[in-house]
Structures are given as structure tokens and as C-alpha cells.
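**Student:** Below you'll find the structure I mean.
The values are calculated or read from the model by the stated rules, or taken from the named source; none is laboratory data. Since we're looking at a predicted model, the values are computed, not measured. Here the Cβ positions follow ideal geometry from the backbone for every residue, glycine too, while neighbour counts run over all protein chains shown. For the accessible areas, the whole protein counts, side chains as well, though only heavy atoms, and no ligand, DNA or RNA atoms are used. Shrake-Rupley method; radii C 1.70, N 1.55, O 1.52, S 1.80 Å.
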Amino acid sequence: MTTGKINVSVENIFPLIKKFLYSDHEIFLRELVSNGTDATLKLKHLISIGEAKVEYGNPIIEVKVDKEGKKIHIIDQGLGMTADEVEKYINQVAFSGAEEFLDKYKDSAKDSGIIGHFGLGFYSAFMVAEKVEIITKSYKDEPAAHWTCDGSPEFTLEPADKTSRGTEIILHIAEDSLEFLDDSKIAGLLNKYNKFMPIPIKFGTRTETLPKPEDAPEDYVNETVETDNIINNPNPAWTKQPSELSDEDYKNFYRELYPMQFEEPLFNIHLNVDYPFNLTGILYFPKLGTDMQIQKDKIQLYQNQVYVTDNVEGIVPEFLTMLKGVIDSPDIPLNVSRSGLQADGAVKKISNYITRKVADKLKALFNENRADFEAKWNDIKIVLEYGMLSEEKFYEKAGAFVLYPTVDDTYFTLDELKEKLKENQTDKDGKLVILYAGNKDAQHSYIQAAKDKGYEVLLLDSPIISHLIQKIENDNKDLTFVRVDSDHIDNLIKKEENAISKLSEEEKATLKTSLEAYIPKAYSVQLEAMDSQAAPFIITQPEFMRRMKEMSQTGGGGMFGMGNMPEMYNLVVNTNSDLASSILNTEDKTHQEHLVKQALDLAKLSQNLLKGEALTAFVKRSFEMIK
Ligand code: ADP
């Protein structure tokens, strides 16, 4: 037996390891199972190039919990190590690796900005163990070795009688980590980190009932067998070629990833690139609707099929964090902080690639089956609209597939819409006027009025829409967006002939004075000569003010403090209406007040502005009138 002292330059590395990443002790299992996987894959490689002349067989990795003995065993059938290799790889390479890692990060141990915490490797065992043993037998014809270390820099290394190839790691679990002796805890960790690792992982056994034979007698009792409980799927869908997978395979994999998710995804995007960086994965568009508050961080990041994190911020462009699925890339640096990640050139390339791939897929889906794309529009628009706002590269491509639905469910691309509006929706400067509603019910009377005039009205109801139309207007100087209930639409849309006013200038002045006597100050009264079919009183909101207010409420872009601005309204009175004449001509002041207030309330009612006490008073007054 040899004993020795691991060459320490740090006073004592083990207490440091323990203290380090206090919240992430659980990763020890991922690290050790990964080592077992690597050792198995290395052996496979050596056999394939004729370097190792042994049978590969069907190697698995086994994890065993010994509750009484307070031990966890991780056993692989990989290439194993000779005593010399243990000395070299565990005492020197792994140790200096861990030492370097700690040296670099001990000051930022509390910085949760380090993702993955990869690199600590074998020595992460000491986060949960007070003593670690390695019993290993190399594929080479050399005796097995037994290494023991109790958490001090001293270790022992002696021959062992293990005859089967591979490595067994035995963790003697420390008193403060006994929770890891719980079967369900370990099962949970294996399911989180190792669910898709490439070598089968056994944890316990399960009882399988054999099928009843054809010729079974009446009193036949089903036979059972104990089989290995393999907890992982070594060949997850993203490691295969898209050509090998059917729609059903993609859906099944979604279910495998999110067993608690019952809704099916709308479609998937298979990522597959090996130059200039390596990345595979499958992204899914879930049904989103207009809900912006969906849980983010549902895309899982893997490295060579080992789970790293579900926080992909910085790697996937922000707007795509609303998607689900898997990304696997060995080229994403994991020992850097989030800000470092964003500055990293390779990561930026990855993020751009994903954006481009998603845009291309959307374009293809649109071109292949437009009807289907339209049917899904409401569930995907929030991602696309957010993408147009936040990623210039995506915005540039979006014109090819982003849709603008009308209130009657006709879907236009922006180019199609422009073509359509050229006919009769331009303002006096020749700009196209895109009318839109934010809510079909609330703005019903305005939508109806616009439709009666033959105008197209879009339904744009995403919470971020005001930001987006602001951007579209900036980039398309030939158009302007106007909500149906804003500054009266006839002002904007060029009309060949304006209705001739029935009232003289003098009469108009008198009417205005009478109106202003009863109309609250919050309304700016405007007289318009419209055709007699138009409503006598219409409340509108200035487009610009409303939009700015909305933008400041939904964050970004908006003007500071706008959210607290009072609402501003116009009261447009149709001077050609019979009601306007009645108000003007009545001698009875009480009756005049009555007419104005009732008309104002009706206008408010159609804009959803009549509430509380005012609504109660209105209803009471209306009943009085009809009794
Ligand atoms: P890394 O895996 O990143 O190289 P580790 O500290 O986890 O760092 O391991 C150091 C080295 O020890 C490995 O590179 C490998 O040579 C050896 N090793 C660790 N675990 C095993 C194992 N289960 N079987 C064979 N060799 C192993």
C-alpha cells in the first residue's frame, strides 16, 4: 500500500469544496455519472480504433444507495484506471483541475451568475461525502487499484481484488448530507440531470409482470420477473436526424420532456449544426395566447446529453425563452458569468443561428400551409411580435410571415394589407391609414361604424402592440396606425366629399357654448359635419396620447411618467344630427341639459366609460324617460 499527500498549494481544498456552491451540492451525482459515461464512451472508442482488444458488451452505469451503511455507489463498466493512472488522473490532473476551478471562483461562490458549475469534476464528491473510495480495474491487463481519501489531503492507494472491468466510486455520506441517502431524492436527481445521458443508467430494479400464455390454465397466476430499472433514454430525439423522425416522434419527445404538460405543442424546430459551432436541439412552440406571464426558462440546456440548466438567458434570444424544448451544445462556455456569456462571440453566434433558424421555419410553415399557420396565429403571435421588437435580425425576416388579422378573421401580410388599403384608406397626405381595434367587444360601435364605411379594421390585441406599431410606423413612412376609437377616423381618411354643414358658423358657436356648459372639462368638444346616419355624440381618444400611455404601461420605449397621465378624450358632435338641432333650438335650459347629459352618457356607454355612480344615475334617468 502506498500513502501520500495530494500536492496542495491551497491550505486545504476540501473544506473549500464543501462550502462552495452551498446550494448546489446535488451536482456531485451528475459529475460522477458523467465520469462513468465518459469512461464507457472512451472504451467504445478505443475498441473501435483497435486500441483496446476487449468485448464492449452492453455496459450500463449503476447507482446504488446503501442506507444502513450510509453509502452511495456509482459503478461503471468503462475503461477503468490502473494504479498509475489513479495517481496521475485523480491525484494530479483532477486535483489541480478542482484546485484551479476553486481558485477562480471561490470569491464568486455566491454569484449565481455562474451557470452549470461544470469543471469541479470528481472532487465534487466531497460536497456530500466525508470519505471517498475508488475501486477500479483497467481494461488493460493490470491489477485493480483501491484509492481512499477521507477529506484531508492524505490518500491511500493499494491493490484491490476487483476482477471486472470498470470503476466503482463509493461515497461515505457526511452527516450533514444524509438526505442524499433517500431513494426518491436520488431518483429525482437522476431524472433531472441524467435523463438523456447516452449510457443506460440503472437505479434499483422493478417488477415486471409477464404476459399470460395462450394455453394458460384457469387458475393461472401471472409470473413476474425482476428487471433492471433503467432511468434514462440514451437516444433522445434531438440526437437523431430530422429525416428519421415523424411528427408523432416529436410529440412523444415533448411528452417525455414535460410529462405534466397535457397540451400538445403547435410545431417544432429541429436545430442541427456542426460548423462553426456544434449545436443540436428541438424547440417547440407551445400554445401561448396573449399571456405574457408564461413561465420562462423552460428550454433545457444540455452538454453532450448531460443536463446543465433550464436558465438559457443569454444563449437563446430573449423572445424565444417563451418556447420549450432542448438545446445541446458543447460549445457554450459554462464557467462564465451571465454578463461574460453575453459578451462571448461564440454564444452570440449561437443566439443568431437560433433566431435565423426559427425565422426560416416560420417562413416555411407559412408557405407550406398558410391556412394552418393562420389558425395558429393567435397562439404564436406574442412570440413573433416580441421578436420583431427585440431582435432586428428577426424583424427583417418577419415581413414574410407575420400576419395582420382583421376583426373578421381575414389575415394579411403587411404587403398584402398595403395593397388592399391603397384603394380607399389613405389620408389627405396620401398615407395609408391602418385602422385597428384592440378589443372587439369594447370597441364594437366604432368597428361597426368603420365597417359601414367599407374600411378594413384589424384586430391587434397583444399587450405589446403599441410598441410594435410605433416601430412599424417608423420603418414605413407611407402608413399610419389609427385605433377605431381615436381622433375621428373621417379626419384621417381622405373623403372625396365632406358632408355639407346644416348649421351656420353662428349656430355652431352657439351650440358649442351650450354643450360646454354641461360637458366636463376632461373632454375637448369638437363639432363635425357628418352624414346624418353617424352617431350624434362620439367619444374618441387622441391616438398618440393613448399609445404613449399604453407603451409606458407595458414597459420599455414609453415615456417616463406617462402611465400617470390622466385620460384625454374628445367629444365629437355631429352637427348634422337631429339631436344637435334639438339641443341648439330648445328654449328650455333644463331640457337642454338633460339632452346633453343623456347623449354624453350614451357615448360614454359605447366606449365602456360609464361606470359606478354615473352608470346607476344613467339607468335610473333612462327608466324615468320611458315610463
Ligand atoms: P474531467 O472528467 O473533467 O476530466 P474529473 O475530475 O471528473 O475531470 O476526472 C479527472 C480524470 O479522472 C478524468 O479525466 C479521467 O481520466 C479520470 N476518471 C474519473 N472518473 C473516472 C471513471 N469513472 N473511470 C475512468 N476514469 C475516470
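**Student:** Could you give the length gained by full extension between D84 and L46, i.e. 0.36 nm per residue of separation minus their alpha carbon distance, to one decimal place? Write down the numbers at each step before the final one.
**Tutor:** Details: separation 38, 0.36 × 38 = 13.68 nm, distance 1.90 nm.
The D84-L46 span can extend by a further 11.8 nm.
**Student:** Suppose each label sits 7 Å from its Cα in the direction of the beta carbon; what would the H594-D219 distance come out to in nanometres?
**Tutor:** Between H594 and D219, the label points sit 9.8 nm apart.
**Student:** Sticking with this one: For the chain, rounded, prolate or oblate, judged on the Cα gyration tensor with a ≥ b ≥ c (square roots of eigenvalues), a/c < 1.5 rounded, else prolate if a/b > b/c? Please list the in-between numbers first.
**Tutor:** Details: a/c = 3.00, a/b = 2.75, b/c = 1.09.
Prolate shape, in that a/c is at least 1.5 and a/b is the bigger ratio.
**Student:** Long-range amide H contacts for F412: which residues qualify at under 5 Å (H placed 1.01 Å from N, peptide plane, sequence gap of 5 or more or a different chain)?
**Tutor:** Result for F412 returns Y404, T406.
**Student:** Check each of the chymotrypsin sites (Phe, Trp or Tyr not before Pro) in the range 196-274 and keep only those in coil by DSSP with at most 11 other C-beta atoms within 10 angstrom; list them in order.
**Tutor:** On the way: sites: F196, F203, Y220, W238, Y250, F253, Y254, F262, F267; in loops: F196, Y220, F262.
The qualifying sites are Y220, F262.
**Student:** Just to confirm a number: summing +1 for Lys and Arg and -1 for Asp and Glu over residues other than N570 whose beta-carbon lies under 14 angstrom from that of N570, what do you get?
**Tutor:** Numbers: positive: R483, K512, K521, R546, K604; negative: D485, D487, D490, E516, E528, E543, E567.
Around N570, the surrounding residues sum to -2.
**Student:** If you don't mind, another one. Give me the number: length gained by fully extending N476 to N608, i.e. 0.36 nm times residue separation minus the C-alpha to C-alpha distance, one decimal in nm.
**Tutor:** Working: separation 132, 0.36 × 132 = 47.52 nm, distance 3.23 nm.
Result: 44.3 nm gained on full extension.
**Student:** Further question on the same structure: Which order do Y569, Y56, Y284 take by accessible area at a 1.4 Å probe, largest first?
**Tutor:** Y56, Y569, Y284
**Student:** Can I ask one more? Which order do the peptides 181-192, 123-134 come out in when sorted by mean C-beta neighbours inside 10 angstrom, highest first?
**Tutor:** On the way: 181-192: 15.0, 123-134: 22.6.
So the peptides 181-192, 123-134, ranked by packing, come out 123-134, 181-192.
**Student:** Separate question: How far, in nm, would the chain grow between A617 and T156 when pulled straight, counting 0.36 nm per residue and subtracting the alpha carbon separation? List each step's numbers first, then the result.
**Tutor:** Details: separation 461, 0.36 × 461 = 165.96 nm, distance 9.10 nm.
Length difference between fully extended and current span is 156.9 nm.
**Student:** Taking a cut-off of 27 Å between Cα atoms, list the lysines near K589, but don't count ones fewer than 8 places away on the same chain.
**Tutor:** K589 reaches K502, K508, K512, K521, K597, K604, K611, K620, K627.
**Student:** From a point 7 Å beyond the Cα of E368 in the direction of its Cβ, which residues of the range 263-288 have a backbone N at a distance under 11 Å?
**Tutor:** Zone members listed by number: 267-270.
**Student:** Suppose a student asked you for the relative contact order of the range 187-266, using Cα pairs under 8 Å spaced at least 6 residues apart; what percent would you report?
**Tutor:** Working: 78 pairs, mean separation 24.5, N = 80.
With pairs under 8 Å counted, the relative contact order is 31 percent.
**Student:** Given points 7 Å out from each Cα along the Cα-Cβ axis, report the K451 to S524 separation in nanometres with one decimal.
**Tutor:** Placing both labels 7 Å along Cα→Cβ, they lie 3.1 nm apart.
**Student:** Counting each DSSP H run of 4 or more residues in the chain as -39500 (n - 2.57), what helix-only mean residue ellipticity at 222 nm follows after dividing by all residues, to the nearest 500 deg cm²/dmol?
**Tutor:** Details: 18 runs with 218 residues, N = 627.
Result for the chain: -11000 deg cm²/dmol, rounded to the nearest 500.
**Student:** Non-local amide H neighbours of I201 (under 5 Å, H modeled in plane, Pro and chain starts lacking H): which ones?
**Tutor:** I61, I231, N232
**Student:** Show me, for the range 437-451, the HN-Hα J-couplings you get by feeding each phi into the Karplus relation (A = 6.51, B = -1.76, C = 1.60, θ = phi - 60°), rounded to Hz, glycine and proline as x.
**Tutor:** 10, x, 7, 4, 6, 5, 10, 3, 5, 6, 4, 4, 4, 5, 5
**Student:** For the chain, what's the relative contact order in percent, using C-alpha pairs closer than 8 Å and at least 6 residues apart?
**Tutor:** Details: 1053 pairs, mean separation 53.2, N = 627.
Dividing the mean separation by the residue count of the chain yields 8 percent.
**Student:** Using a probe radius of 1.4 Å on heavy atoms only, what accessible surface per residue do you get for the chain? Whole Å² is fine.
**Tutor:** On the way: 30720 Å² over 627 residues.
Roughly 49 Å² per residue, with all protein chains present.
**Student:** Quick check on packing: order 318-326, 387-395 by the mean number of other C-beta atoms within 10 Å, highest mean leading.
**Tutor:** On the way: 318-326: 22.0, 387-395: 18.6.
Peptide ranking by packing, descending: 318-326, 387-395.
**Student:** Quick one: Karplus J couplings for the range 180-191, per residue in order, coefficients 6.51, -1.76, 1.60, θ = phi - 60°, nearest Hz, x for Gly and Pro?
**Tutor:** 6, 8, 7, 3, 5, 5, 5, 4, x, 5, 4, 5
**Student:** To continue, here is another question. Could you check how much of the accessible area of the range 237-381 is carbon and sulfur, as a whole percent, using a 1.4 Å probe? Don't jump to the answer; show the numbers that get you there.
**Tutor:** On the way: 2850 of 6420 Å².
Carbon-and-sulfur percentage of accessible area, whole number: 44.
**Student:** Now a separate question. Report, ordered by chain and residue number, the lysines lying within cross-link reach of K70, taken as a straight Cα distance under 23 Å and ignoring same-chain residues fewer than 8 apart.
**Tutor:** K18, K19, K131, K162, K185, K192, K202
**Student:** Return the long-range amide H neighbours of S486 (sequence gap of 5 or more, or a different chain), with a cut-off of under 5 Å between placed amide H atoms.
**Tutor:** Result for S486 returns Q541.
**Student:** Same structure again: In terms of Cα to Cα distance under 19 Å, which lysines are near enough to K361, apart from those fewer than 8 places away along the same chain?
**Tutor:** Once the sequence-local lysines are set aside, what remains near K361 is K240, K251, K287, K324, K349, K376, K381, K393, K397.
**Student:** What list of ³J(HN,Hα) couplings, whole Hz, do you get for the range 218-231 from phi and the Karplus terms 6.51, -1.76, 1.60, once you set θ to phi - 60° and write x for glycine and proline?
**Tutor:** Couplings: 3, 8, 4, 9, 4, 7, 10, 10, 8, 10, 4, 8, 8, 8 Hz.
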